[in-house]
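Student: Provided herewith is a single structure, encoded as structure tokens, for subsequent inquiry.
The values are calculated or read from the model by the stated rules, or taken from the named source; none is laboratory data. Only a predicted model underlies this, so the values are computations on that prediction, with no experimental measurement involved. Don't worry about glycine lacking a Cβ; one is built from the backbone with ideal geometry, like all the others, and counts go over all protein chains shown. Keep in mind that these areas ignore ligands, DNA and RNA; they rest on the heavy atoms of the full protein, side chains included. Shrake-Rupley method; radii C 1.70, N 1.55, O 1.52, S 1.80 Å.
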Amino acid sequence: MERVVCGRWLLERSMTEEPDQTSAVIEATPGGAALLAWMGGSPNFGDAELVALTLDCSGRNLLKLDVETRARGRREYARVTLVLTDMIDVSLAGFSRQNVIGGLRLRWATDRPVHPTHSCTGLGLGDIEIDLKPCFGAFGAIRASLDAIEVAPKTYDT
């Protein structure tokens with residue numbers, strides 16, 4: 001078992017899980033190269049805060065995270081937005097005023113049966129699974145297609 005410190009909580013993760021595909025999924029997504037460059041080449045979403053999940057049938061579907069990196073030797077912050085498309089499945093628990101995640105893992109989705117009410121919608125099933133690891137507040141999983149990644153630098157007054 002690998003021990004991961006997240007805020008004040010100690011989480012345990014099995015090291016026997018399938019290989020992490022997060023970097024590969026990010027690299028294959030428009031805007032992903034900018035995110036990897038900002039993070040210093042290695043994605044790390046530990047202690048990121050899930051600030052919004054917007055599902056809009058006539059607009060953009062967005063997962064917004066406030067993320068910190070120390071890739072260049074100092075703290076830098078950005079709002080990272082994952083733009084989601086196609087059929088979106090959400091399993092989310094614990095959403096509150098503060099939603100610190102213990103990590104975020106992306107992987108290519110596996111096939112699953114299509115529910116009869118979802119056929120003939122013209123939408124795909126979603127080819128990415130997003131796993132939001134627990135720390136404090138929201139955690140869960142989202143299945144969708146990842147259309148783009150947007151990175152907007154943020155500043156915090158200290």
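Student: If you go through the stretch 77-87 one residue at a time, do you hit one that is modelled with pLDDT of 90 or more, among the small types (G, A, S) and open to solvent by less than 30 Å² (accessible area, probe 1.4 Å)?
Tutor: yes
Student: Hey, another quick one. Filter the stretch 88-110 for residues that are aliphatic (A, V, I, L, M) and in contact with a helix residue (DSSP H, G or I) (Cβ under 8 Å, 6 or more places away or on another chain); which is surrounded by the fewest Cβ atoms within 10 Å (Cβ to Cβ)?
Tutor: Result: L104.
Student: Against the definition (at pLDDT below 95 and farther than 16 Å from E150 by Cβ), how does A71 come out, yes or no?
Tutor: yes
Student: How many residues does the stretch 1-48 contain that are at pLDDT below 50 and open to solvent by 80 Å² or more (accessible area, probe 1.4 Å)?
Tutor: Selection size over the stretch 1-48: 10.
Student: Has the stretch 59-70 got at least one residue that is in contact (Cβ under 8 Å) with a residue 60 or more places away in the chain and open to solvent by 50 Å² or more (accessible area, probe 1.4 Å)?
Tutor: Within the stretch 59-70, none of the residues are in contact (Cβ under 8 Å) with a residue 60 or more places away in the chain and open to solvent by 50 Å² or more (accessible area, probe 1.4 Å).
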